[in-house]
Amino acid sequence: MKRILVTGGAGFIGSHLCERLLNEGNEVVCLDNYFTGSKRNIIHLMDNHYFEVVRHDVTHPYFIEVDEIYNLACPASPVHYQYNPIKTIKTSVMGAINMLGLAKRIRAKILQASTSEVYGDPLVHPQTEDYWGNVNPIGVRSCYDEGKRCAESLFVNYERQNGVRIKIIRIFNTYGPRMHPQDGRVVSNFIVQALKGEDITIFGDGKQTRSFQYVDDLVEGMIRMMDTRDEFEGPVNIGNPNEFTMLELANEVLRLTNSKSKLVFLPLPEDDPTQRKPDISLAKKELNGWEPEIQLAEGLKKTIDYFDNLLREGI
Ligand code: NAD
Ligand code: UDP
């Protein structure tokens, strides 16, 4: 049995990861300050005696003895990470320093949840890990993008300087049950709007693309990455290479919900990337043939069921 720390464990992805790690017979410590996460996401795990929850902010040091650390603490939706951009930078940078310092002291292996945002508005398509990206360092998204880029730098430098065993994954747009219904991300927005019969808000002309990964596929990739040989540190892209325009996504959500909602076109947010699609050759090679198994329609159905129940409960 391993003891594993998951920062951001009460969030959307973190809660699925905690659940999976517990199911595999590990002891899990979930650390979260509940900025965007919620006890609701992990309440079903609370009866498990091998699950512990700690209210803590990663910008402050934290001490514990564990074998592995998954560092997920950081708001991930543009609405939430732009709400307090300085705090977002502190969470990424100071959070990484605190968790890497812990990993160094206790000789734990540590995985960083980085992001496709390190590629910014990419000029290389699909994105491979050796692409350095096209990020506006002073734009509204920079608190997140540059925070995550700095965290990657901290990770590789803790490895070079101190021999810390690190793993970096770059996560592409991920969706599924337990997304925050008001966090403004496109999948949750469209589903909630369709279920409520409200207008579907398309930003810009809706021709920008994203590649959407269902959360279970991501969690499988994260665990396989943590278990790779020590020499393989990444970064490695974890995403679903099937690419869609926002108009295609909206129409798929309307079809699956049988909704009569209308599409409305709103201004495109500043620095919104025009295209995004992972090249996952490296993940396939290094993670024992890993590739996403759940395609959009199937994943959307599960997510729609989740939000449908949430709305029925009046949440
Ligand atoms: P989320 O907002 O649901 O989860 C983030 C969690 O971190 C929340 O529970 C939040 O309360 C917690 N948190 C935030 N600041 C904290 C702090 N200072 N101290 C302690 N806890 C803090 O988002 P998510 O989608 O589950 O994302 C999880 C991680 O994956 C993030 O690091 C995000 O950058 C990364 N990621 C997600 C996606 C995606 O599409 N969902 C894509 C790329 C990267
Ligand atoms: N988007 C949209 N309508 C919405 C929310 C988002 O058209 O109600 C667009 C947004 O402009 C972006 C894409 O959907 O082009 C993905 O946005 P999201 O915030 O989910 O993720 P990110 O931009 O970080 O990839």
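Read the figures in this text as sums done on the coordinates, not as results from a lab. In this text the structure is predicted, and so the values were computed from the model without any measurement. Heads up, the Cβs are rebuilt from the backbone with ideal geometry, glycines too, and the neighbour counts pull from every protein chain shown.
Give me the dipole magnitude in Debye, nearest 20, for region 1-79 about the Cα centre, with unit charges on the beta carbon: positive for Lys and Arg, negative for Asp and Glu.
Roughly 240 debye, rounded to the nearest 20.
From the phi of every residue in region 27-36, what ³J(HN,Hα) in whole Hz does the Karplus formula 6.51 cos²θ - 1.76 cosθ + 1.60 yield, where θ is phi - 60° and glycine or proline is x?
9, 10, 10, 9, 10, 7, 9, 6, 5, 10
Going by the alpha-carbon gyration tensor, a ≥ b ≥ c the square roots of its eigenvalues, is region 237-294 rounded (a/c under 1.5) or, if a/c is not under 1.5, prolate (a/b greater than b/c) versus oblate?
Judged from the Cα gyration tensor, region 237-294 comes out oblate (a/c at least 1.5, b/c at or above a/b).
Have a look at 23, 189, 98 and tell me which one the Gaussian network model of the chain (Cα, springs below 10 Å) gives the largest fluctuation.
In this elastic network of the chain, the residue with the biggest mean-square fluctuation among 23, 189, 98 is 23.
Tell me, in nm to one decimal, what length is gained between residue 232 and residue 46 on full extension, where the rule is 0.36 nm per residue of separation less the Cα-Cα distance?
Contour length minus Cα-Cα distance gives 63.6 nm.
Mind checking which lysines have their C-alpha under 27 Å from residue 302, skipping anything on the same chain fewer than 8 residues away?
39, 196, 207, 260, 262, 277, 284
For every helix of n ≥ 4 consecutive DSSP H residues, a contribution of -39,500 (n - 2.57) applies; sum these over the chain, divide by its total residues, and give [θ] at 222 nm rounded to the nearest 500 deg cm²/dmol.
The per-residue figure over the chain is -12000 deg cm²/dmol.
Using a Gaussian network model of the chain whose springs link C-alpha atoms within less than 10 Å, name the residue from 283, 297, 103 with the highest mean-square fluctuation.
297
Taking the chain as a Gaussian network, where each spring joins two C-alpha atoms under 10 Å apart, which residue of 200, 294, 168 fluctuates the most?
294
Can you work out D for region 35-123 in µm² s⁻¹ from Stokes-Einstein, where Rh is the Kirkwood radius over C-alpha pairs, the temperature is 20 °C and the viscosity is 1.002 mPa s?
So the translational diffusion coefficient is about 145 µm²/s.
First select every other residue whose beta carbon is under 11 angstrom from the beta carbon of residue 97; then total the charges, Lys and Arg +1, Asp and Glu -1.
Around residue 97, the surrounding residues sum to +2.
So for the chain, averaging the separation of alpha carbon pairs under 8 Å that are six or more residues apart and normalising by length, what relative contact order in percent results?
The normalised contact order for the chain reaches 17 percent.
So for the chain, what are the equivalent ellipsoid semi-axes in whole Å, largest first, each being the square root of 5 times an eigenvalue of the Cα gyration tensor? Write down the numbers at each step before the final one.
Details: eigenvalues 180, 101, 68 Å².
Working through the eigenvalues yields semi-axes of 30, 22, 18 Å.
Take the Cα pairs of region 65-164, get the Kirkwood Rh, then feed it into Stokes-Einstein at 20 °C and 1.002 mPa s and tell me D in µm²/s.
152 µm²/s
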